[in-house]
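Written out below as structure tokens is the structure these notes cover.
The values are calculated or read from the model by the stated rules, or taken from the named source; none is laboratory data. These numbers come from a predicted model, not from an experiment. Quick reminder, even Gly has a Cβ in these numbers, built from the backbone with ideal geometry, and neighbours come from all protein chains shown. The area values use the complete protein model at the heavy-atom level, side chains included, leaving out ligands, DNA and RNA. Shrake-Rupley method; radii C 1.70, N 1.55, O 1.52, S 1.80 Å.
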Amino acid sequence: NKMAEVFANALKKAVGIVTTSSSGSIGITSTLITGISTAGVAVGYLVDNGNFIGGSKVSAIGIGTVTIDSTSTNTASTSSQTVNFVGLTTVYVSTGLKSILIGGTLANNTGNQVSAIVQVSSGSTSYNLLYKIPIPAGSSVVISDAGKTLLTASDEIRVGSNVANSLDVTLAILQGVS
């Protein structure tokens, strides 16, 4: 029996989990941020700091130390660094057969510009669909003008923002594609 294709919406309100820590030190091509508060930081959070490439994630947390899954890009040691740790919210999980992300909207609910991140996660690997896309106050961004995204079983779409609780997310999904 073939499962019928079905259109579905995935909706999330007030997306955005952010923890900011300051006074961190980052060595040359290092995977460590030291001398930093780890309160509110979790393994898997994205690292928002100019010394790490987009998509870098927290892989371990120690006392005053955060380990990142990629090396820093700085050519000199830096200190007094402010680092945002961004938690992504799972908006959709593909189940059963394949699904297709047809489109979506990220709406900024704040009075200030925010930066949005949309990732497709497949197993332990994540890919940026949108990264640090600026969304002006009271505006929105539409996903998919460039095409559709195929999701296999258990792939996830995760969304984050550099400002806590700042985005409403709507996604249009075609489910049950064989």
inquiry  = Could you give each residue of the stretch 19-27 its phi-based ³J(HN,Hα) in whole Hz, using Karplus coefficients 6.51, -1.76, 1.60 with θ = phi - 60°, and x for Gly or Pro?
reply    = 10, 10, 10, 10, 6, x, 10, 10, x
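Starting from 0.36 nm per residue, how many nanometres of slack lie between LYS132 and THR29 once their C-alpha separation is accounted for? Numbers along the way, then the final one.
Details: separation 103, 0.36 × 103 = 37.08 nm, distance 2.27 nm.
Contour length minus Cα-Cα distance gives 34.8 nm.
Which number do you get for Rg(Cα) / (2.2 N^0.38 Å) in the chain?
On the way: Rg = 17.5 Å, N = 178, 2.2 N^0.38 = 15.8 Å.
With N residues counted in the chain, Rg over 2.2 N^0.38 Å equals 1.11.
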key: Solvent-accessible area per residue, Å², over the stretch 28-138 with all protein chains present [probe radius 1.4 Å]   = 44 Å²
Long-range lysine pairs (8 or more apart or interchain), the chain, Cα under 27 Å = 15
remark   = Given the candidates SER72, SER139, LEU101, the one whose Cα lies deepest towards the positive end of the charge dipole of the chain, counting +1 at each Lys or Arg C-beta and -1 at each Asp or Glu C-beta, is LEU101
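Assign unit charges at the C-beta atoms only (+1 for Lys and Arg, -1 for Asp and Glu), then state the dipole size of the chain relative to its Cα centre in Debye, rounded to the nearest 20. Before the final figure, lay out the partial values.
On the way: 8 positive and 7 negative charges, 31 e Å.
The dipole magnitude comes to about 140 debye.
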inquiry  = I need the calculated FRET efficiency for the pair SER77 and SER37, taking r as the beta carbon distance and R₀ as 25 Å, to the nearest 0.05.
reply    = 0.80
inquiry  = Restricting everything to alpha-carbon atoms, can you work out Rg to Rh for the stretch 1-82 with a Kirkwood hydrodynamic radius?
reply    = 1.21
note = Phi-derived 3J(HN,Hα) across the stretch 31-42 with the Karplus relation (6.51, -1.76, 1.60, θ = phi - 60°), rounded Hz, x for Gly and Pro, is 9, 10, 10, 10, x, 10, 6, 9, 4, x, 8, 10
